[in-house]
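Asks: Here it is, the structure in full.
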Amino acid sequence: MDSLEDDVSYSLDSSELDLASEYDGQSLDESSSEASDDALDLDFEDFEGVEDSEGSDLESVATPEDIAGTSEIDLQVNMADGALENLPCHGDDIAGTSEIDLRVNMADGALEDLPCYEDELGIAIPDGDGLFDGNIYPIGFYQRGIANMDIEAYQRKAYAQATLTQINAVEDTWHLFCTKVFPGGTDYISHLRAIRFEVVYQFLHWHLGQRTGKGGRRKRAMTKRSSLITFWCCFRLFFEGVTTTKIDEFVDRRLMHNALVELGDKFQLTYETRENRSMTLQDLKDQIECTLCTTEKTFGLGELRILAVLFLLLLAPQGSRPTSILMLRFGDIKVLLVRDPTNPDGPPRLVIRLSLEYTKQYLGPKATKHFMIPEIIYDPSLLLSPHVFLLAILYRHRAFETEDLNASPALLNKLRIHPSGNEFPLHLRPDLDNVFIFRRAARSLTGYTISDDPITYNMMGGWIRRIGVLLGFEDNTISYNLRYMAGNNLDQNINISDALRNLIMDHAPQSATFQKNYLNRNVVADLWAIHRNHEPQQALLQQATSHGHSKNSRRPVTLTEAQRQAVLEGSAKYYQLTARLASLGWGAKFRDQRREISLERDSLRKKLCNDEIKRVREAWARTQFADDIERQIRGESFTHESAGPNRDMRPMGTAQQQMFNALTTPLPADIDAIGMRRTKAIEALIAYCTVEEPSTNYLLNAKRKPEPELQGPRKRTRHVQEPESRGEQVDKEQLWRSTFVSTMGKQKVKKCFVCVAKALTLELNDPLFEGLCRDFRTPNTAANHFLRIHANNLDEQDAVDCPICQIPLDDKMHLLNHAEGVHGLKTEKRIFVASAYTYLCTAKN
Ligand SMILES: [Zn+2]
Ligand SMILES: [Zn+2]
């Protein structure tokens, strides 16, 4: 990252935060970085990149289970079911609700072409009972409805957004194919209408053989047969959407079936689908512990780290689809105190009630399901307690309707159920009903705030994957590992019927999906022991077939500096871009050109490094164990260091450490102490919610003083100086003054006054302190940092206080003037450049 700074002085200094977080999330991302670069690169192999989809589990697309099968008919029946179910509902609504409600219920797009009811009111006059000849609509309404009905709208099916995205991508591909194969001919839609088997066959062949995508970028080859089938299914949907006719009337199914087999063989597509290993509970615990403790991955705001854990804990019990958890709103959650029937006079039990909507939209919305999660009172580890994490989020946002209850989680221990009842709901604030629980953080002038936007599936997936890498799992860690865990555990449990399992997993009424995609293909049964009448070694089998079977803390996580250099030097293209940058002059004239080249070089470097770490990890998995064997035969001890570079693990900050300690307090013996333990843990989590985490690179750059690189394993405490010695060096008063032009002189301020203001609120030994007070290379880089990290987060009209001078500033322009006049950050000419750079960065992703 730092080499960039040398090349592009105007803005990259301040881009490090963003680049760092990108890099964090994607350094081992095998799929999405390329796929998202290129809409045409329609790679169905990895559905994780697409919201609400299931990897090799193709439910979301029109069930490609058997091309020659009856899937289409099933779908039709299901559609009809949904439609019929809705009818009586409307009837009920009609009886009880006003006409306006009714219109809202009925319309929803489908009936919008019908004449407006108000028009009708002008003509028809209701009877004394408010009805028109016994109906709530006048008869003219129905007559016009018959005349104006848009039948086509009903022939088009409604698909989930993810499926739509794929259909659109297929359309783009077909368009491109037609322009190449039939140049100057009729448009691509006409070619679609006049479809012939030989054209479709060659279209699929062309798609498989295509190696460049949109904008001439390289496109990855399809490797899995399931991807081809998905592509074909999407093409069928595209065809049906355009022609409202089934493609099979034109392209014989059996013909196509054979064609797909033939094409699959020709392009050597594999039958392998994604591993469907379950996590074990130990894997989950490790994942949670690492999410809470690691300093190798930062989340920006502490609350996001806690949400990342809460997500796992709310998903795990019922193995929900990840999107249904991410879309949870406060209104979908109820917190109850319930009388314990086995101990009616004892303390009430805390129960979370989750209401989950069915997230697959294809077959229409389904009735909401409710899940109860009672707290495990004698829980040996709070790391696995969804209650503690959820309560922390509720308290953090003061979500209880009874305002006094929001004061402290300790109050929960005092509450008892009135003898007249068995249940005691702790209502949440109604204004939060539609607010998402899993929300993104947004940058403000001085730091982060929680925004209204939900965390996306890709974002959460990136976090989970990265933590899995840090833990040393071989395969990508995905939220579906937890869904597999739930499914397989339910399948093994004698208390759960198949019917109930299908309901919980959203597979009802059929078990086929579970059978095909969820049942662990690494068979979790000690078959030989069963045959031989021995006790099966179930625990062993479970570990060996789980996602965590490959866990190894020595597995490389990042490239060493030498590996990184080698891979960059080995790339002619990278060399060429570097040379072009070096040959360019400085100044405004070259600014755009420099920016373009350095962005290109940046993304190339990212790709090269990603490919390389993937290769290194594969090589490690092949050779490390042979090495271990040889060492042991030679009588030597194991190598304990990680095979990658020595990982630079900062110690946890105080709040983080306290949070972890509180969550891992051993289970006390008496019930009051158990309540206290929960309270302490919730309080520690709340405290951590507001902590802003330093970006790894932000810190590294701040520390990258000319001091020589330490040899040998780094000391974990290298960065923490003794508070006393630091206290002597840092004079807060002087620090404060160093942000003013009046004391430093014109063009001399090299600190960011917003960061310094934040530092002044911290303890001297806070790990953030030094990074915040750093001197930038030049006043210009400081100004760019100020714009990108702070000022650009504001809207033009936002009024803020200067965090250093504590004086109110009317709007953004006022702030910029103040920054320049008082704190020496010359922002005038840079606004455009910095925002254009931001734009380019976001556009690139
Ligand atoms: Zn700053
Ligand atoms: Zn000021």
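Read-outs: derived from the displayed coordinates by stated rules, not from any lab. Only a predicted model underlies this, so the values are computations on that prediction, with no experimental measurement involved. Ideal geometry is used to build each Cβ from the backbone, glycine not excepted, and the neighbour counts take in all protein chains shown.
Asks: Taking amide H atoms as placed 1.01 Å from N in the peptide plane, list the residues 5 or more away in sequence, or in a different chain, whose amide H sits under 5 Å from that of ALA441.
Replies: Result for ALA441 returns SER451.
Asks: A further question follows. Computed FRET efficiency, Cβ-Cβ of MET459 and GLU820, R0 45 Å: what is it to the nearest 0.05? Can you show the working numbers first?
Replies: On the way: r = 35 Å, r/R0 = 0.78.
After rounding, the FRET efficiency stands at 0.80.
Asks: For THR270, THR560, what ranking results if the residue with the fewest other Cβ atoms within 10 Å of its Cβ goes first? Mind dumping the intermediate values first?
Replies: Details: THR270 11, THR560 14.
Sorted ascending by nearby Cβ count, the order is THR270, THR560.
Asks: List every residue whose amide H lies under 5 Å from the amide H of PHE132, counting only residues 5 or more places away in sequence or on a different chain, with H placed 1.01 Å from N in the peptide plane.
Replies: Here the answer is ASP127, TYR137, since their amide H atoms fall under 5 Å of that of PHE132.
Asks: What is the spin-label model distance, in nm, from ARG737 to GLU262 if the labels are put 7 Å beyond Cα along the C-beta direction?
Replies: Placing both labels 7 Å along Cα→Cβ, they lie 8.6 nm apart.
Asks: What distance in nm lies between label points placed 7 Å from Cα along the C-beta direction at ALA572 and SER408?
Replies: According to this spin-label approximation, the distance is 7.1 nm.
Asks: Please sort 138-146, 743-751 by packing, taking for each peptide the average over its residues of neighbouring beta carbons within 10 angstrom, highest first. All intermediate terms of the calculation are to be shown ahead of the outcome.
Replies: Details: 138-146: 13.9, 743-751: 15.8.
My ranking of the peptides, most packed first, is 743-751, 138-146.
Asks: Further, regarding this structure: Could you tell me which of rounded, prolate or oblate describes region 192-239, using a ≥ b ≥ c as the square roots of the eigenvalues of the alpha-carbon gyration tensor, with rounded for a/c under 1.5 and, failing that, prolate when a/b is larger than b/c and oblate otherwise?
Replies: Details: a/c = 1.97, a/b = 1.49, b/c = 1.32.
The shape class here is prolate.
Asks: Once Rh is set to the Kirkwood radius over Cα pairs, what Stokes-Einstein translational diffusion coefficient, in µm²/s, holds for region 298-454 at a temperature of 37 °C and a viscosity of 0.692 mPa s? Don't jump to the answer; show the numbers that get you there.
Replies: Details: Rh = 16.9 Å.
Roughly 194 µm²/s, to the nearest whole number.
Asks: So if each residue of separation counts as 0.36 nm, and I subtract the Cα-Cα distance between ASN552 and SER190, what length gain in nm does that give? All intermediate terms of the calculation are to be shown ahead of the outcome.
Replies: Details: separation 362, 0.36 × 362 = 130.32 nm, distance 5.61 nm.
Contour length minus the Cα-Cα distance gives 124.7 nm.
Asks: Can I ask one more? Work through the residues other than ALA619 whose Cβ is under 14 Å from its Cβ and net out their charges, Lys, Arg +1 and Asp, Glu -1.
Replies: Values: positive: ARG554, ARG555, LYS614, ARG615, ARG617, ARG622; negative: GLU474, ASP611, GLU612, GLU618, ASP627.
Residues close to ALA619 contribute a combined charge of +1.
Asks: Output wanted: per-residue J couplings in Hz (rounded whole) for region 238-248, from phi through Karplus 6.51 cos²θ - 1.76 cosθ + 1.60, θ = phi - 60°, x for Gly and Pro.
Replies: 3J(HN,Hα) across region 238-248, in whole Hz: 4, 4, 5, x, 7, 9, 6, 10, 6, 5, 5.
Asks: Cross-link list LYS589/LYS746; LYS266/LYS614; LYS751/LYS826: which exceed 19 angstrom alpha carbon to alpha carbon? It would help to have the intermediate numbers written out before the result.
Replies: On the way: LYS589/LYS746 26 Å; LYS266/LYS614 27 Å; LYS751/LYS826 12 Å.
Long pairs (Cα-Cα over 19 Å): LYS589/LYS746; LYS266/LYS614.
Asks: A further question on this structure: Would you mind checking LYS732/LYS812; LYS180/LYS573; LYS285/LYS369; LYS246/LYS607 for any pair whose Cα atoms are more than 32 angstrom apart?
Replies: On the way: LYS732/LYS812 28 Å; LYS180/LYS573 29 Å; LYS285/LYS369 27 Å; LYS246/LYS607 42 Å.
Violating the 32 Å Cα-Cα cut-off are LYS246/LYS607.
Asks: Calculate the dipole size of region 224-300 relative to its Cα centre from +1 charges on Lys and Arg beta carbons and -1 charges on Asp and Glu beta carbons; express the result in debye to the nearest 20.
Replies: Details: 11 positive and 12 negative charges, 29 e Å.
The calculated dipole for region 224-300 is roughly 140 debye.
Asks: Now, a different point. By counting other Cβ atoms within 10 Å of each Cβ, how are CYS234, CYS689 ranked from fewest to most?
Replies: Working: CYS234 26, CYS689 21.
Arranged by neighbour count, lowest to highest, CYS234, CYS689 become CYS689, CYS234.
Asks: In terms of the Cα gyration tensor, with a ≥ b ≥ c the square roots of its eigenvalues, is region 462-615 rounded because a/c is under 1.5, prolate because a/b exceeds b/c, or oblate?
Replies: Numbers: a/c = 4.80, a/b = 2.47, b/c = 1.94.
Prolate is the answer for region 462-615, as a/c is 1.5 or above and a/b outweighs b/c.
Asks: Which of THR690, THR165, THR739 has the fewest other C-beta atoms within 10 Å, and how do the rest follow up to the most? Write out the running numbers ahead of the final one.
Replies: Details: THR690 13, THR165 18, THR739 28.
Ranking THR690, THR165, THR739 by Cβ neighbours within 10 Å, fewest first, gives THR690, THR165, THR739.
Asks: Also: Under a 5 Å amide H to amide H cut-off, with H placed in plane at 1.01 Å, what residues pair with LEU825 once short-range neighbours are removed?
Replies: Residues meeting the amide H criterion: GLU820.
Asks: Right, another one. Using each residue's phi in region 557-569, evaluate 6.51 cos²θ - 1.76 cosθ + 1.60 at θ = phi - 60° and report the 3J(HN,Hα) Karplus result to the nearest Hz, with x for Gly and Pro.
Replies: Going residue by residue, I get 10, 10, 7, 6, 4, 5, 5, 5, 4, 4, 5, 6, 5 Hz, with x marking Gly and Pro.
Asks: Work out how much length LEU281 to SER451 would gain on full extension: take 0.36 nm times their residue separation and subtract the Cα-Cα distance, in nm to one decimal. Don't skip to the answer; put the middle values down first.
Replies: Details: separation 170, 0.36 × 170 = 61.20 nm, distance 3.23 nm.
Gain in length upon complete extension: 58.0 nm.
Asks: So if we plug the beta-carbon distance of HIS175 and GLU596 into 1/(1 + (r/R0)^6) with R0 = 35 Å, what FRET efficiency do we get, rounded to 0.05? The partial results should precede the final answer.
Replies: On the way: r = 28 Å, r/R0 = 0.81.
E between HIS175 and GLU596, to the nearest 0.05, is 0.80.
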